[in-house]
Amino acid sequence: MIHKPSISHKPDYASKKKARLGIIFFFIYFILYGGFVAIGVINYELLAIETLGGLNLATLYGIGLIVFAVLLGILYNFFCSRYEDQMEKEMEGKEVEL
């Protein structure tokens with residue numbers, strides 16, 4: 001019995017754009033996370049300050065980082081899907097011209 005993939009794989013024409021977007025999002029998150037770590041190393045007393053709803057800054061910043069990471073994931077998926085759709089349309093047009 002021959003096992004074949006259930007779908008045909010097409011080349012990913014948008015991989016460069018998706019990689020660039022992923023690197024940009026990585027560095028944005030890296031800077032925000034680095035700020036959290038820097039506060040913890042340089043002035044850890046600052047993390048004990050009460051903020052919204054009685055939460056200390058460490059808890060609020062940590063929850064904010066988690067929510068921001070999820071938001072970046074959603075944005076990455078949205079933009080990558082658009083890139084793939086655009087590149088597929090462009091490549092279909094080029095294939096017709098050939």
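The values are calculated or read from the model by the stated rules, or taken from the named source; none is laboratory data. Keep in mind it's a predicted model, so treat the numbers as computed, not measured. Every residue, glycine as well, gets a Cβ built from its backbone with ideal geometry; the counts of neighbours run over all protein chains shown.
For (1) assigned to a helix (DSSP H, G or I); (2) out of contact with any helix residue (DSSP H, G or I) (no Cβ under 6 Å at 6 or more places or on another chain); (3) surrounded by 13 or more Cβ atoms within 10 Å (Cβ to Cβ), each residue gets a yes or a no:
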position	(1), (2), (3)
LYS4	no, yes, no
ILE24	yes, yes, no
ILE63	yes, yes, no
ILE74	yes, yes, no
ARG82	yes, yes, no
GLU88	yes, yes, yes
MET91	yes, yes, yes
Would you call VAL96 assigned to a helix (DSSP H, G or I), out of contact with any helix residue (DSSP H, G or I) (no Cβ under 9 Å at 6 or more places or on another chain), among the aliphatic types (A, V, I, L, M) and at pLDDT 85 or above?
no
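Listed here are the residues, each with its yes/no results for (1) within 30 Å of ASN77 (Cα to Cα); (2) modelled with pLDDT under 85.
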| position | (1), (2) |
| --- | --- |
| ASP12 | yes, yes |
| LYS16 | yes, no |
| ALA19 | yes, no |
| TYR33 | yes, no |
| ILE39 | no, no |
| GLY54 | no, no |
| ALA58 | yes, no |
